[in-house]
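Peer 1: This is the structure I want to talk about, given as structure tokens.
The values are calculated or read from the model by the stated rules, or taken from the named source; none is laboratory data. Keep in mind the model is a prediction, meaning the values are calculated, not measured. Positions of Cβ are generated from backbone atoms using ideal geometry, with glycine treated the same way; all protein chains shown enter the neighbour counts. With ligands, DNA and RNA removed, areas are computed over all heavy atoms of the protein, side chains included. Shrake-Rupley method; radii C 1.70, N 1.55, O 1.52, S 1.80 Å.
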Amino acid sequence: MMRTDRVRPFRRLAEAVQAVLLIGLPFLKINGESALRFDVPSLQLHFFGATLWMQESFILLVGLLFLVFLILLVTLLFGRIWCGWVCPQTVLADYTGFMDRLGRPGVASRAAFYLLTFGLSLFVAATLVWYFVPPSEFFGQVMSLHPAEAVSWAWGLLTIVIFADLAFVRRRFCATVCPYSRIQSTLFDSSTMAIQFDPGRKEECMNCSACVRVCPTGIDIRKGLDPACISCAACLDVCRDMKEKAGRPGLIGYFFGRPGEEHPLIRRSVLLVASVTLLFLLFFVYLSVNRSPVDMTVTLTAGLPPRITPDGRVVNAFTVTLENRSRRELEVRLLLTGGAIPFRLNPERMVLGPGEHKKRTIFADAKTAAGTAAIPVDLQASFGTAAGGRISKKTTFVVPEMK
Ligand code: SF4
Ligand code: SF4
């Protein structure tokens, strides 16, 4: 039966959900693509059914800024909750905790330790590669024993890095290398939540040192906050176990600010960071909802200057590039408007396959009044999305001098 007054079962559950999500996302298909994958050759990000192009990296940047401020906000409120509950380094170290016991002196157990660690590193590295190469393609290449050079290098290098981390660095990463661990203490204020020993009850401590022995980073939490603490709550659980025998509550817990003092959860710094986070979220949603599935550029064609036909019509040649950012075929209808002049276009329609980029010369002609040098015009592109989308670009229709 799961003990709801212990943190460990909830952490294990959170880690299991995270593992299933991280391994499963590349296999989950939405609109025929992995739910989350960056396609390097086409520089496209597939994100839960939507496809973001490199030219739309501004949307991605806004999304990343939202995530950065969200992490700042969570850190300001809940301290190193990320480290203890979500960080992949902690999750991997927890899942491979049994290997610490295998790593004891003795050739057989050392060999078993390195073999298991290498196998796990291969699997974790492959999972990371699936966020760039579809799993079906990855398995096809591996089974044929001829993986693409980029896949072999990425998989090999990632395996070496993860193996070195799991075999030799492990928990030391958090206290030495991790950049988040370095900066997080600057984000704390006097009300930030942290796992702490309650100094107001220090005379109740049995000095059993169970909290020190169980700590994966070797901290004595009774001495106060330590930057190496990964907020794993192992000391909290073990202290509750020890004190339970004496019929008393544990001495270690989650506290906002110093134990025994009143600290406001909502404060000026929290409101400020929360407002910026919300702004970035709203901006990201606005940009995502209003993104057009078609992009267009238009310029006058350099090698085909404007001319006048024998029947008195003015002809301009425009170079039009159209990009279909959707995952289905689109028919794009073109229309040139400006003043009250009726323009004719040739061609008037183009068909773009999914993700296709087309560059065409479009001829526009009209009967215009002599003496008009340049007419501001709009080139409109309507496309057959369910919502009946349309974009337009401004350009100029040039009337050459009559000879
Ligand atoms: S002090 Fe407690 S919460 Fe912090 S790392 Fe050690 S056991 Fe985990
Ligand atoms: S586990 Fe609790 S009682 Fe034991 S030494 Fe640590 S704080 Fe004191």
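Peer 1: Are there any strands (runs of 3 or more DSSP E) wholly within region 7-67 with 3 or more residues that are open to solvent by less than 40 Å² (accessible area, probe 1.4 Å), and if so which? Write out each step before concluding.
Peer 2: Working: elements: 36-39, 44-47, 50-53.
Passing ranges, in order: 44-47, 50-53.
Peer 1: Just to be sure, is residue 340 under 27 Å from residue 390 (Cβ atoms) and either free of Cβ contacts under 8 Å to residues at least 24 places away in the same chain or out of contact with any Gly (no Cβ under 6 Å at 6 or more places or on another chain) (or both)?
Peer 2: Details: under 27 Å from residue 390 (Cβ atoms): yes; either free of Cβ contacts under 8 Å to residues at least 24 places away in the same chain or out of contact with any Gly (no Cβ under 6 Å at 6 or more places or on another chain) (or both): yes.
It is true that residue 340 is under 27 Å from residue 390 (Cβ atoms) and either free of Cβ contacts under 8 Å to residues at least 24 places away in the same chain or out of contact with any Gly (no Cβ under 6 Å at 6 or more places or on another chain) (or both).
Peer 1: Let me ask another. Output the residues belonging to region 182-233 that are farther than 17 Å from residue 86 by Cβ, of a type in the set (A, V, I, L, M, F, W, C) and near ligand 1 (Cβ under 10 Å from one of its atoms).
Peer 2: 197, 211, 212, 214, 215, 219, 221, 225, 228
Peer 1: Out of everything in region 166-198 that is within 24 Å of residue 257 (Cα to Cα) and among the small types (Gly, Ala, Ser), what residue ends up being nearest to ligand 2 (Cβ to nearest atom)?
Peer 2: This residue is 194.
Peer 1: Do we have any residue at all in region 146-158 that's in contact (Cβ under 8 Å) with a residue 40 or more places away in the chain and not hydrophobic (A, V, I, L, M, F, W, C)? Reasoning before the result, please.
Peer 2: Here is the first cut: in region 146-158, the residues in contact (Cβ under 8 Å) with a residue 40 or more places away in the chain are 150.
Subsequent filtering for residues that are not hydrophobic (A, V, I, L, M, F, W, C) retains none.
The answer is no, given that none of the residues of region 146-158 is in contact (Cβ under 8 Å) with a residue 40 or more places away in the chain and not hydrophobic (A, V, I, L, M, F, W, C).
Peer 1: Here is a further query. Quick test of your reading of the structure: residue 291 fulfils all but one of (1) open to solvent by 30 Å² or more (accessible area, probe 1.4 Å); (2) under 30 Å from residue 68 (Cβ atoms); (3) touching a Pro at 6+ places or on another chain (Cβ under 9 Å). Name the failing condition by number.
Peer 2: (3)
Peer 1: Every residue in region 1-53 that is modelled with pLDDT under 90 and β-branched (Val, Ile, Thr), please.
Peer 2: 4, 30, 40, 51
Peer 1: Which one is nearest to the chain's Cα centre (by Cα), of the residues in region 226-241 that are hydrophobic (A, V, I, L, M, F, W, C) and assigned to a loop (DSSP other than H, G, I, E, B)? Show your work before the answer.
Peer 2: Taking region 226-241 first, the residues hydrophobic (A, V, I, L, M, F, W, C) are 228-230, 232-236, 238-239.
If we keep only those that are assigned to a loop (DSSP other than H, G, I, E, B) as well, we get 228-230, 232-233.
Working: 228: 26, 229: 26, 230: 23, 232: 24, 233: 28 Å.
That would be 230.
Peer 1: Would you be able to say whether some residue in region 297-304 is out of contact with any strand residue (DSSP E or B) (no Cβ under 7 Å at 6 or more places or on another chain) and either of a type in the set (Lys, Arg) or outside any strand (DSSP E or B) (or both)? If you could, list the steps in order and put the result at the bottom.
Peer 2: First, the residues of region 297-304 that are out of contact with any strand residue (DSSP E or B) (no Cβ under 7 Å at 6 or more places or on another chain): 302-303.
If we keep only those that are either of a type in the set (Lys, Arg) or outside any strand (DSSP E or B) (or both) too, we end up with 302-303.
Checked region 297-304: at least one residue is out of contact with any strand residue (DSSP E or B) (no Cβ under 7 Å at 6 or more places or on another chain) and either of a type in the set (Lys, Arg) or outside any strand (DSSP E or B) (or both).
Peer 1: Within region 320-373, which residues are farther than 30 Å from residue 308 by Cβ and assigned to a strand (DSSP E or B)?
Peer 2: Of all residues in region 320-373, those farther than 30 Å from residue 308 by Cβ come to 323-331, 351-357.
Within region 320-373, 323, 324, 330, 331, 351, 352, 357 qualify.
Peer 1: Give the residue that is surrounded by the most Cβ atoms within 10 Å (Cβ to Cβ), with candidates limited to residues of region 202-225 that are assigned to a loop (DSSP other than H, G, I, E, B) and either away from ligand 2 (no atom under 14 Å from the Cβ) or among the small types (Gly, Ala, Ser) (or both). Can you show your working first?
Peer 2: Here is the first cut: in region 202-225, the ones assigned to a loop (DSSP other than H, G, I, E, B) are 205-209, 215-220, 224-225.
From what is left, the residues that are either away from ligand 2 (no atom under 14 Å from the Cβ) or among the small types (Gly, Ala, Ser) (or both) are 209, 216-218, 224-225.
On the way: 209: 12, 216: 20, 217: 15, 218: 12, 224: 12, 225: 16.
Selected residue: 216.
Peer 1: Has region 184-195 got any residue that is in a helix (DSSP H, G or I) and open to solvent by 50 Å² or more (accessible area, probe 1.4 Å)? Don't jump to the end; show me each part of the working.
Peer 2: Let us first name the residues in region 184-195 that are in a helix (DSSP H, G or I), namely 184-187.
After this cut, where a residue has to be open to solvent by 50 Å² or more (accessible area, probe 1.4 Å) as well, the list is 185-186.
Checked region 184-195: at least one residue is in a helix (DSSP H, G or I) and open to solvent by 50 Å² or more (accessible area, probe 1.4 Å).
Peer 1: Okay, moving on. If we keep just the residues of region 244-254 that are free of Cβ contacts under 8 Å to residues at least 60 places away in the same chain and not in a loop (DSSP other than H, G, I, E, B), which is farthest from ligand 1 (Cβ to nearest atom)? So that I can check it myself, show each step before the final result.
Peer 2: Kept after step one, since they are free of Cβ contacts under 8 Å to residues at least 60 places away in the same chain, are these residues of region 244-254: 244-253.
Checking the rest, the ones that are also not in a loop (DSSP other than H, G, I, E, B) come to 244-245, 252-253.
Working: 244: 18, 245: 19, 252: 7, 253: 11 Å.
Going through the qualifying residues, I end up with 245.
Peer 1: Do we have any residue at all in region 255-274 that's touching a strand residue (DSSP E or B) at 6+ places or on another chain (Cβ under 9 Å), assigned to a strand (DSSP E or B), modelled with pLDDT of 90 or more and open to solvent by less than 30 Å² (accessible area, probe 1.4 Å)?
Peer 2: no
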